[in-house]
1. Identify which of 146, 39, 128 has the largest mean-square fluctuation in a Gaussian network model of the chain, with springs joining Cα atoms closer than 10 Å.
2. What do you reckon, how do 50, 183, 42, 303 stack up by accessible area (1.4 Å probe), largest on top?
3. By how many degrees, between 0 and 90 and to the nearest 10, does the Cα long axis of helix 2-31 differ from the longest principal axis of the chain?
4. For the chain, build the charge dipole from Cβ charges (+1 Lys, Arg; -1 Asp, Glu) around the Cα centre, then report which of 224, 205, 123 sits farthest towards its positive end.
5. Please work out whether the range 350-415 counts as rounded, prolate or oblate from its C-alpha gyration tensor, where a ≥ b ≥ c are the square roots of the eigenvalues and a/c under 1.5 means rounded, while otherwise a/b larger than b/c means prolate and anything else oblate?
6. Accessible area per residue for the range 317-415 in Å², computed with a 1.4 Å probe and the full protein assembly in place, what is it?
7. Name the residue farthest towards the positive end of the dipole of the chain from the options 334, 259, 413, assuming +1 on Cβ of Lys and Arg, -1 on Cβ of Asp and Glu, about the Cα centre.
8. Over the range 161-294, what is the mean sequence separation of C-alpha contacts under 8 Å (at least six apart), divided by residue count, expressed as relative contact order in percent?
Amino acid sequence: MARARGGGLAAWAVAVAAAWVLWAAAVAGARSPAGRVHRHLKRLNKPAVKSIESPDGDIIDCVHISHQPAFDHPLLKNHTIQFRPAYHPEGLYDDAKSSIRSNNAGEKPMLQMWHRNGRCPEGTVPIRRTKKDDLLRASSMRRYGRKRHTVPNPLSVDPNMLSEGGHQHAIAYVEGDKYYGAKATINVWEPKIQQANEFSLSQLWILGGSFGEDLNSIEVGWQVSPDLYGDNNTRLFTYWTSDAYQATGCYNMLCSGFIQINNEIAMGASIFPISNYAGSQYDISILIWKDPKEGNWWMQFGKEYVLGYWPSFLFSYLADSASMIEWGGEVVNSEPDGTHTSTQMGSGHFPEEGFGKASYFKNIQVVDSGNQLSAPKGMGTFTEQSNCYDVQNGNNGDWGTYFYYGGPGKNSNCP
């Protein structure tokens, strides 16, 4: 009997030790790089009702509208989804053609490449699936889907940023009033990127607060970003922050915040088709506005697609209104020693080349306190180095307020 008891105790001790080893291994695995990647993927990728493989390699998950990443936010746990804005702004500039258009009459353009292989059902929202390689390209798991403080401040230029490399812009802007939204039709291109850690984008910024650590920003447009997406495709994107890109906000649906209600357009998915030099031109139309009743900031893509909203509680200054609106292009110049990247902005050609060759923003409007869209008053332009990227604005009856922008980056006048 004594031997039996001893054997039982020994077996029990072995079992406990084995359990301890397994537990320690599980903890170590969870803390390992592979474990962290798995946890992040599980958090980012919600269970899908249906999945669609895009020709460009993306996987679009059709996620039930109530299971989207927005509802990971503690203040959205009991949120009632607003399925339509209480009010649209009045006075939309009447585009003569569709918001994505071609010079070829009768051609029916697609909106996003994944549409070739299917659509998401009603009651779901399309979300680009994050893959393991996406996370491994990021500088850190914590910074995945986030960017550094990059908003162009046309009222202050830091010469150190130019000599040491950094973000460069060619923009138009208004400031000095209260703004409740903005609109623009943006020419779509696929600029060439010199290095994978650089990007090129064209967007509008809705800004509140100072350019310090309290900046609020809502950003929408198109971008080419190999680091974020793993390719050189032109993609629709959004971004938001309430603390100058420090701890809040992200691209697209990579964190909680933006609430999507539309089942047809995926943030971060490829836009198709794109413009050709001296050939067919394609545009996207973006409208951002603050619903005067509910206070949320809404996004519309084209004439038909109201995509969703950023709840007003995400912001401090933008909970009331914006103090500056910017439209234009931005690139990252990561070249050392004062040399310049050859990453292109817009079409990669300077504004003076004009339609079909240089990229443009047209039908530019702002939303005032009466929820009216109107032409911006006193619009200025800004670029850090006009020999690398430039901007030229104008006004006419067909395009309203507009500007051409962009450039090739490195050239004989921009070494």
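1. 39
2. Details: 50 85, 183 10, 42 150, 303 120 Å².
The ranking, largest first, comes out as 42, 303, 50, 183.
3. 10
4. So the residue furthest toward the plus end is 123.
5. Values: a/c = 3.62, a/b = 2.06, b/c = 1.76.
Since a/c reaches 1.5 and a/b is larger than b/c, the shape of the range 350-415 is classed as prolate.
6. Dividing the accessible area of the range 317-415 by its residue count gives 38 Å².
7. 259
8. Relative contact order comes out at 27 percent.
The values are calculated or read from the model by the stated rules, or taken from the named source; none is laboratory data. Keep in mind that what you see is a predicted model, and the values were worked out from it rather than measured. For neighbour counting, all protein chains shown are included, and Cβ atoms are generated from backbone atoms with ideal geometry for every residue, glycine included. Areas reflect the complete protein model, heavy atoms only, side chains present, ligands, DNA and RNA absent. Shrake-Rupley method; radii C 1.70, N 1.55, O 1.52, S 1.80 Å.
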